[in-house]
Amino acid sequence: MASDKGEMDRGTGLSAGDPTLRRRIEPWEFEMFFDPRELRKEACLLYEIKWGTSHRIWRNSSKNTSKHVELNFIEKFTSERHFSSSISCSIIWFLSWSPCWECSKAIREFLSQRPSVTLVIYAARLYWHMDQQNRQGLRDLIHSGVTVQMMRPSEYDHCWRNFVNYPPGKEAHWPRYPPLWMKLYALELHCIILSLPPCLMISRRCQKQLTLFRLTLQNCHYQMIPPHILLATGLTQLPVIWR
């Protein structure tokens, strides 16, 4: 998790003079984009950049245009910055969706040309995780040195405090999403990393606007996935469906 060193104390709420205010998203946008239970098509990227040994952190946000947010970031970053191999650059992304295979490829190409840049990705949801190309794209990203994790309560709290234009006195009142959904996505990410078959099935009942999460584990999942990851879901029987 990124450090907040150098950032102002926002315990009393944001002031009109806060230099980060124009780069923050509204609370309803954060809830709309980052709810792990929803399957919203649009994507949002919240990002932090830190150069060298400086404690100053640059924060901003981006949304889909005609291109995915990852490609927008790369184009903006490369057009505005001159890179020096002697200065390290640390980037943290908080994504509402994990990268697709095409974006994963573009990220790897971007980083391969800039060895002084490191990237950590936290995702709220897995993008079309049943697609084998998307699964392989995430594996390739991780094998190239990118850290990919699912967002946990600590990341949601961090994003709310540092990227959202929250009301005065509401700095600790970020949306409390049920941790189970985060754990289910984390479990599926382990399946992807270990090249196991998918275990998380997601479907939508349009007439009731319900998103159904169904978990089906095979013997290979029990054999390969660390026990603490499986136990974190609180499974007692199979199959299990959550609404």
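The values are calculated or read from the model by the stated rules, or taken from the named source; none is laboratory data. Source: prediction; values computed, not measured. Because the Cβ atoms are built from the backbone with ideal geometry, glycine has one as well, and the counts that use them run over all protein chains shown. Accessible surface areas use protein heavy atoms only, side chains included; no ligands, DNA or RNA. Shrake-Rupley method; radii C 1.70, N 1.55, O 1.52, S 1.80 Å.
Results, tabulated for the structure shown:
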{"read-out": "Among the candidates Lys76, Lys41, residue that is free of Cβ contacts under 8 Å to residues at least 24 places away in the same chain, in a loop (DSSP other than H, G, I, E, B) and not hydrophobic (A, V, I, L, M, F, W, C)", "value": "Lys41"}
{"read-out": "Meets criteria (surrounded by fewer than 19 Cβ atoms within 10 Å (Cβ to Cβ), touching a residue at least 24 places away in the same chain (Cβ under 8 Å) and either touching a strand residue (DSSP E or B) at 6+ places or on another chain (Cβ under 6 Å) or among the hydrophobic types (A, V, I, L, M, F, W, C) (or both)) for Trp51", "value": "yes"}
{"read-out": "Hits in region 115-138 (condition: charged (D, E, K, R) and either surrounded by 16 or more Cβ atoms within 10 Å (Cβ to Cβ) or free of Cβ contacts under 8 Å to residues at least 12 places away in the same chain (or both))", "value": "Arg125, Arg135"}
{"read-out": "Residue selected from region 60-73 under the condition surrounded by 15 or more Cβ atoms within 10 Å (Cβ to Cβ) and more than 15 Å from the chain's Cα centre (by Cα), by the criterion nearest to Ile202 (Cα to Cα)", "value": "Leu71"}
{"read-out": "Every residue from region 88-128 that is within 16 Å of Ile192 (Cα to Cα) and of a type in the set (Val, Ile, Thr)", "value": "Ile121"}
{"read-out": "Given (1) hydroxyl-bearing (Ser, Thr, Tyr); (2) under 23 Å from Leu39 (Cα atoms); (3) surrounded by 13 or more Cβ atoms within 10 Å (Cβ to Cβ), index of the condition Ser154 fails", "value": "(3)"}
{"read-out": "Hey, Gln149 part of a helix (DSSP H, G or I), open to solvent by 60 Å² or more (accessible area, probe 1.4 Å), under 20 Å from Leu39 (Cα atoms) and not hydrophobic (A, V, I, L, M, F, W, C) or not", "value": "no"}
{"read-out": "Residue ID - nearest to Gln136 (Cα to Cα), chosen from residues in region 74-113 that are among the aromatic types (Phe, Trp, Tyr) and buried (at least 17 other Cβ atoms within 10 Å of the Cβ)", "value": "Trp101"}
